[in-house]
Structures are given as C-alpha cells and as structure tokens.
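Quick notes on the structure that follows.
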Amino acid sequence: MSVIDTVIRELLEKTEFVAIVTQGLDRPHVVGNWGDYLRKLGIEGDRIVLPAGYYRETEDNLLRNNQVQVLAASRQVAGSHGPGQGCLLEGTARILSEGPDAERAKSMFPWARGALVIEVASAKVQL
C-alpha cells in the first residue's frame, strides 16, 4: 500500500510550493521548490522527483544523512477543520546528476543540474 494516499496525492497535485528540510552540521537546512515543477517531473508511487538547481548545501547534507522532510499545503484541498490541507512527508533523498531522472529534469528545466529524488516513507496530514 502506498504511503502517498488519495488525499496527499491531491494535495501534491494542487500545492504551489514545497519546503524541503535536511539536517546540516549544526542546524536544519531548508530549501524550496515549486509545485508545478513537482507535477511536471512526477509523483510515481511513493517517489517524488524535483529539478535540482544549486542545492549545494542540501546535497552535502544528504551525503552525510539522507533523511529528509517535505512540507506541502494547499487551500484548494479541504482540511479537517476548514479550508486548506497540509502534509508532512518523511523519507530519504538523493541528488542525481546522471541517469534517466537527471536527464529528464535537465531537458525540462535547462537551469537544473540534475534531479532531487525523494523516496517517501511516511506521510501525514497536518491541518
């Protein structure tokens, strides 16, 4: 059974922005990406692919500790207590500069140096 269920998939398909958190040497590090970029590269089962531009600190962090958290939200998805729903995804990630995912990211986004691939292990609604 997929951890990205129907509600979370709908949320990811409507979010405008995602925040991605990795653990640095002395603090968490946060980067972002656009929801439409996520949709272009895809949500494949429990796997998310995003274009990776600079993301140098993110890549260094992932080489030491590949754990990642992703926060997404959309007011277009009904929440438990009113308009809007959010979710927290947790899993592992890596930045690929070669291979099919990286080539697809580079072809769709000329500024990308590769792809950020996230394997989602857990997903929880937030609102």
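Table for the structure above
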| read-out | value |
| --- | --- |
| Net lengthening on full extension, VAL3/ARG56 (0.36 nm per residue, minus Cα-Cα) | 16.2 nm |
| Phi to ³J(HN,Hα) by Karplus 6.51 cos²θ - 1.76 cosθ + 1.60 over the stretch 21-26, Hz, x for Gly, Pro | 10, 10, 9, x, 5, 10 |
| Neighbour-count order for ILE48, ILE4, fewest beta carbons within 10 angstrom listed first | ILE4, ILE48 |
| Relative contact order (%) - criterion: Cα under 8 Å, at least six apart; region: the stretch 3-71 | 37 percent |
| Identified option (computed Cα extents along the principal axes in Å; candidates [x] 42, 29, 26; [y] 41, 35, 27; [z] 46, 27, 21) | [y] |
| Under 17 Å from LYS124, Cα to Cα: lysines that are on another chain or at least 8 residues apart | LYS14 |
| Mean separation of Cα contacts under 8 Å (6+ apart) over length of the chain, as relative contact order % | 29 percent |
| Label-point separation in nm, ALA19 to TRP34, each point 7 Å along Cα→Cβ | 2.0 nm |
| Simple spin-label estimate for ASN66 and SER107 in nanometres, 7 Å along Cα-Cβ | 2.5 nm |
| Whichever lysines have a C-alpha closer than 16 Å to that of LYS106, once near sequence neighbours (fewer than 8 apart) are set aside | LYS40 |
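All of the numbers you see were taken from the coordinates with simple rules; none came from a lab. Worth saying up front: this structure is predicted, and the values here are computed from it rather than measured. Please note: Cβ atoms are built from the backbone with ideal geometry, for glycine as well, and neighbour counts cover all protein chains shown.
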